[in-house]
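Everything below concerns the one structure shown next.
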Amino acid sequence: MINWSLLRKKIDGKLSDAEMQIFKDWVDERPERQKFMERAEKFYAKDEMPVVEQQQEDKAWMRFIEFRKTKTIYKQLRRWGNIAAAVILFAGAWLLLRQEPVEPVVQEASSAFEPGEVKAVLRTSRGEVLKLGKNDQRQIRDRQAVIKMDSAGITYEIVVAVEKVISIDENLHDTINTYHGGEYMLRLSDGTRVWLNAETELIYPVAFAGGERRVKLSGEAYFEVTKDERNPFIVETEGVDIKVLGTSFNVCAYDDDEVVRTTLSTGKVQLQKKNKKICVLNPDQQAVVNKKSGEFEVMDIQSSFYTRWHEGYFIFRGNTLKEIMKTLSRWYEMSYEFAAEELDQEKFYGIVSRYGEMKELLRAFESTGKVRFEYQDNKVVIKR
Amino acid sequence: MSIDNNIIAPASGKMSLSDFEAVFRSFYRRLYLYAYSFVMDEMEAEDIVQDAFSIIWERRGKLPEHLNIEAYLFASVKHACLKYFRRLKIVDDYKVKQAEALLFSFAGDDTVLEEDAEIAEAVKKAIQQLTPQQACIVELYVTEGLKYSEIAKTLDLSENTVKTHLKRAYKILREHLAPTSLGLLVFVCF
């Protein structure tokens, strides 16, 4: 055994002859001690503090999730060394994601491949059509509600007098659409918050009258439903209805997908079809329901992977390139084409901001060496 | 789930993975800095921290109800670091390395185990050598992981000023934890 203080003195170059002998005896005995000293010397030579960046934390969390699943294998692999374990477990390819481009990004002249932004179109029950953007600052008065638009999206507030005097007409519906490359947030008259992803439509009553609170969704949205046990909240989609009491969850029900994916973050939801119960979800569970056949599957997952888009991230965990490109094409202004066979089945892991440039994002995929992208006008060609 | 006073209320089997993500993200940075300052090897530090979280995740449900998760995590990371040292046949008799790791992880009072109260005192003294502005910059840099440019913007300083402050602070902290100044201090307590 050697004392750390002595090693520290060695690093500072302050060893006496006798101490030097003790050090040499220790260090020469094992090669890993030699390596340890090299690292220690490097550590003390730095004149900057060690620091942990956000991306390291994100990656560590992903690693924790992955390793938790494959723990038994991992424990065995560890004995062969960490590198082997890392290589085998991440054979799907791990994206090394940079927060800042190392090289300066060349500004593109065209607007191709621009990311989406906060924008939507509102059609009110009275037939008005309003374009909604990020910096709106206005307010309109409907018969039953005041509709406020600001940087936090759109908010419906029931007019108090109306609520008391006239009965609310639930048949007055507003429709909000986010088209290609748009996202938007709204707060319904019961306080429920909804984040709409790109290419999504939500139809909802201007004011809820009491009784069931029904909205109709096509596309993808994240809901934080205000608790009201007497008046369940129901999201209707093509294929399945989701009944909730007060909870947060994500629904992905695009027209061109064969399945509806419901992911629960908190609380409890019940999936039903024509008022017949299909299944009940607990937090961190996801139900995938086939729209046509009604077949379904419930899986244990980590819900944040499916809901964090509403906080501005794309999260891929073993998604195929086919799924990834579909997701990206809804958000970025582009079309794409696979130029190599089976390339669309390649799997990737990673977290990336939704607001970055697409080419920068795709560069992270390229850094895995599994895939290359070529750009032609508005089109991305995917090659090996 | 709230993380108040660093005590996670129900460390029970009901803790969902999302709840645990909150725990993970609250402590990962500091635990990593602790382990890294100790073993001075990035891969080893990452493994030690991952193991500490795995242990607590697997034992959720069996842990005492009002467990101080922060102290528990730090204790398990510390023991793993000491084990790593033992494997290399190094002893940290005067707890110099421990104190350094504690310093660079900016561990709070709740973190420090009773048996380490003396080194915590030394760490506190080292931090007190910094000017309030230096301390603030160091905290933003180390515990929040902000970049030079972000700190500069937050505090309305130039990037170069931030850089200079950090270097100076680092030097001060190191000098105050050098074996000569610390060794004596801790030695008295043994």
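The values are calculated or read from the model by the stated rules, or taken from the named source; none is laboratory data. Computed from a predicted model, the values in this text were never measured in an experiment. For neighbour counting, all protein chains shown are included, and Cβ atoms are generated from backbone atoms with ideal geometry for every residue, glycine included.
Structure above, values below:
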item	result
Qualifying positions in the range A:11-34 - part of a loop (DSSP other than H, G, I, E, B), closer than 19 Å to residue B:97 by Cα and within 11 Å of chain B (Cβ to nearest Cβ)	A:12, A:14
Selection within the range B:47-96 - free of Cβ contacts under 8 Å to residues at least 60 places away in the same chain, among the aromatic types (Phe, Trp, Tyr), in contact with a Leu (Cβ under 9 Å, 6 or more places away or on another chain) and within 14 Å of chain A (Cβ to nearest Cβ)	B:53, B:57
Count of residues meeting criterion [within 18 Å of the chain's Cα centre (by Cα) and part of a helix (DSSP H, G or I)] in the range B:55-84	17
Contacts under 6 angstrom Cβ, first residue in the range A:297-315 being away from chain B (no Cβ under 12 Å), partner buried (at least 21 other Cβ atoms within 10 Å of the Cβ) and of a type in the set (Gly, Ala, Ser), 6 or more apart	A:298/A:287
Qualifying residue in the range A:328-346 (condition: out of contact with any Asp or Glu (no Cβ under 9 Å at 6 or more places or on another chain), modelled with pLDDT under 90, crowded, with 19+ Cβ neighbours inside 10 Å and under 21 Å from residue A:66 (Cβ atoms))	yes
Qualifying positions in the range A:194-225 - in a loop (DSSP other than H, G, I, E, B) and either over 22 Å from residue A:264 (Cβ atoms) or in contact (Cβ under 8 Å) with a residue 24 or more places away in the chain (or both)	A:197, A:198, A:199, A:206, A:207, A:208, A:209, A:210, A:211, A:225
So residue A:252, is it touching a helix residue (DSSP H, G or I) at 6+ places or on another chain (Cβ under 8 Å) and not polar (S, T, N, Q)	yes
Residues that are outside any loop (DSSP other than H, G, I, E, B) and without any contact (Cβ under 8 Å) to a residue 24 or more places away in the chain, drawn from the range A:226-276	A:234, A:235, A:236, A:266, A:276
Number of positions in the range B:31-45 that are facing chain A (nearest Cβ under 7 Å) and over 12 Å from the mean Cα position of the chain (by Cα)	3
Some residue of the range A:264-285 being under 20 Å from the mean Cα position of the chain (by Cα), more than 13 Å from chain B (Cβ to nearest Cβ) and within 27 Å of residue A:58 (Cβ to Cβ)	no
Number of the condition not met by residue A:307 [criteria: (1) more than 21 Å from residue A:350 (Cα to Cα); (2) modelled with pLDDT of 85 or more; (3) not in a strand (DSSP E or B)]	(1)
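For (1) modelled with pLDDT under 90; (2) more than 34 Å from the chain's Cα centre (by Cα), each residue gets a yes or a no:
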site: A:22; (1), (2): no, yes
site: A:41; (1), (2): no, yes
site: A:44; (1), (2): yes, yes
site: A:50; (1), (2): yes, no
site: A:54; (1), (2): yes, no
site: A:65; (1), (2): yes, no
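A quick yes/no check of all residues on (1) touching a Lys or Arg at 6+ places or on another chain (Cβ under 8 Å); (2) more than 11 Å from every other protein chain (Cβ to nearest Cβ); (3) modelled with pLDDT under 65:
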site: A:36; (1), (2), (3): no, no, no
site: A:47; (1), (2), (3): yes, no, no
site: A:59; (1), (2), (3): no, no, no
site: A:70; (1), (2), (3): no, yes, yes
site: A:74; (1), (2), (3): no, no, yes
site: A:78; (1), (2), (3): no, no, yes
site: A:90; (1), (2), (3): no, yes, yes
